[in-house]
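Here is the structure we will look at, set down as structure tokens.
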Amino acid sequence: MNLTEAAKAVRENAYTPYSNFKVGAALISTSGKVHVGCNVENVAYPEGTCAEAGAIAAMVAAGDTQFTDITVIADSPVPVTPCGGCRQKMFEFASPDAKVTLASLSGETVTMAVADLLPGAFVKSQMDRA
Ligand code: THU
């Protein structure tokens, strides 16, 4: 199963009673394993988690800390774009040139690098004087 198919499949499991906006994410880690995640909402709205965060958490739980490719998919009019928090999460667990594919269910895709999604990322070296 490729990343688009995996993201589309896990999207079906998204728990979205509040937004009704299902998102799926699938990534491949440096050890070659595929990990998936979907958004999981909560009645206390800020407690919800994004699909990308779920896929990254699954990767870390399985013992990997870097991915090379991630695909995110939703039923959006244009390919879904990750929120700011997820951009920072992706930056933590991928090299700047890792590939991010944004997709819509209707088949449109946009591909970019992790670094393109988060210009001016907060990085560890900024804490060098701490
Ligand atoms: N959401 C994601 O899971 N990933 C994205 O890239 C964009 C937004 C979720 C969060 C929330 O459950 C719903 O979509 C609406 O914001």
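Points to keep in mind about this one:
- Kirkwood Rh, angstrom, the chain [1 / mean 1/r, Cα pairs]: 14.7
- Solvent-accessible area, 1.4 Å probe, carbon plus sulfur percent, for the chain: 55
- If both residues of a DSSP beta bridge must be in the chain, then about 70% of such bridges are antiparallel.
- Of Ala53, Ala25, Ala62, the residue with the greatest mean-square motion in the GNM of the chain, using alpha carbon springs below 10 Å, is Ala62.
- Sparse-neighbourhood loop sites, chymotrypsin sites (Phe, Trp or Tyr not before Pro) in segment 1-83 - DSSP loop, at most 15 other Cβ within 10 angstrom: Tyr18, Phe21
- Per residue, the accessible area of segment 3-127 comes to 51 Å², computed with a 1.4 Å probe over protein heavy atoms only.
- The chymotrypsin sites (Phe, Trp or Tyr not before Pro) of segment 91-122 that DSSP puts in a loop, and whose beta carbon has at most 13 other beta carbons within 10 Å, are Phe122.
- For the chain: relative contact order, % (alpha-carbon pairs under 8 angstrom, 6 or more apart): 20
- Euclidean distance of C-alpha centroids, segment 1-40 and segment 100-116, integer Å: 14
- Working note: Karplus 6.51/-1.76/1.60 with θ = phi - 60° gives segment 72-79 the couplings 10, 9, 8, 8, 10, x, 10, x Hz, where Gly and Pro are set to x.
The values are calculated or read from the model by the stated rules, or taken from the named source; none is laboratory data. Note that this is a predicted model, so its numbers are computed, not measured. Every residue, glycine as well, gets a Cβ built from its backbone with ideal geometry; the counts of neighbours run over all protein chains shown. The area values use the complete protein model at the heavy-atom level, side chains included, leaving out ligands, DNA and RNA. Shrake-Rupley method; radii C 1.70, N 1.55, O 1.52, S 1.80 Å.
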